[in-house]
Amino acid sequence: MALFLCRWENGDFSIVQAKNREHAIEMLDEVANAEGLPLHAITEFMAHFRLTDEGVVELEGFGESFGDHVRERVHPVLGELDVSPYEAAPEDQARIKAAVELERGRLRAEPSPEPDTELGKHIKAQMDLPTSVINRYTHAAASEVLRKAKPKGKPS
């Protein structure tokens with residue numbers, strides 16, 4: 001299993017542990033279809049969570065090497081500012097806001113692969129599922145139909 005980071009078009013990112021990239025895209029479908037988006041394998045990751053007095057678990061922060069990864073590869077425009085949004089002076093707030101707008105607009109998903117069948121293409125248009133999921137189910141359904149088929153006469 002490996003860790004993958006998916007950078008969404010709006011600047012958000014998700015981290016998922018999966019067997020491979022295809023599996024990661026399928027798991028990320030709980031959020032949205034991640035086909036065509038940057039998916040980075042992560043070699044070092046640490047996150048710290050704290051328990052509030054109200055019983056809520058909150059993300060407190062990421063490990064240093066992961067923070068560097070985010071600044072360099074996920075949000076490079078923000079990373080170039082070299083200003084922490086947590087400790088930003090009032091004069092830096094406008095720069096941070098402008099960088100966030102640039103980050104949200106700089107990435108567009110690449111076209112995703114088309115499903116193997118016309119039925120699969122119709123399903124994708126209706127449901128926006130990852131192509132790998134559609135292909136797996138349409139191939140399984142076709143195999144089942146063929147297995148149950150009882151042709152008349154002798155096969156040629």
- Message: Under 8 Å for C-alpha pairs, at least 6 residues apart: give me the relative contact order for the range 2-112, rounded to a whole percent.
- Response: 27
- Task: Obtain the nm distance between the two label points defined at residue 48 and residue 64 by a simple spin-label model: each point lies 7 Å from its Cα along the Cα-to-C-beta direction.
- Result: 1.2
- Counting sequence-distant residues (5 or more places) and residues on other chains, those with an amide H built under 5 Å from that of residue 61 are 48
- Query: For the charge dipole of the chain, defined by +1 on Lys and Arg C-beta atoms and -1 on Asp and Glu C-beta atoms about the Cα centroid, which residue among 149, 15, 86 has the Cα displaced farthest towards the positive pole?
  - Reply: 149
- Task: Work out from phi, with θ = phi - 60° and the Karplus expression 6.51 cos²θ - 1.76 cosθ + 1.60, the ³J(HN,Hα) of each residue of the range 59-72, listed in order in whole Hz, and give x for Gly and Pro.
- Result: 6, 8, x, 9, x, 4, 5, 5, x, 4, 4, 5, 5, 7
- Kyte-Doolittle at least -0.5, axis length at least 18 Å by Cα - qualifying DSSP helices, the chain: 131-148
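Computed from the coordinates by the stated procedures, all read-outs in this text should not be read as laboratory data. What you are looking at is a predicted structure, and each value in this text was computed from that prediction instead of being measured. Note that we place each Cβ from the backbone using ideal geometry, even for glycine, and neighbour counts take in every protein chain shown.
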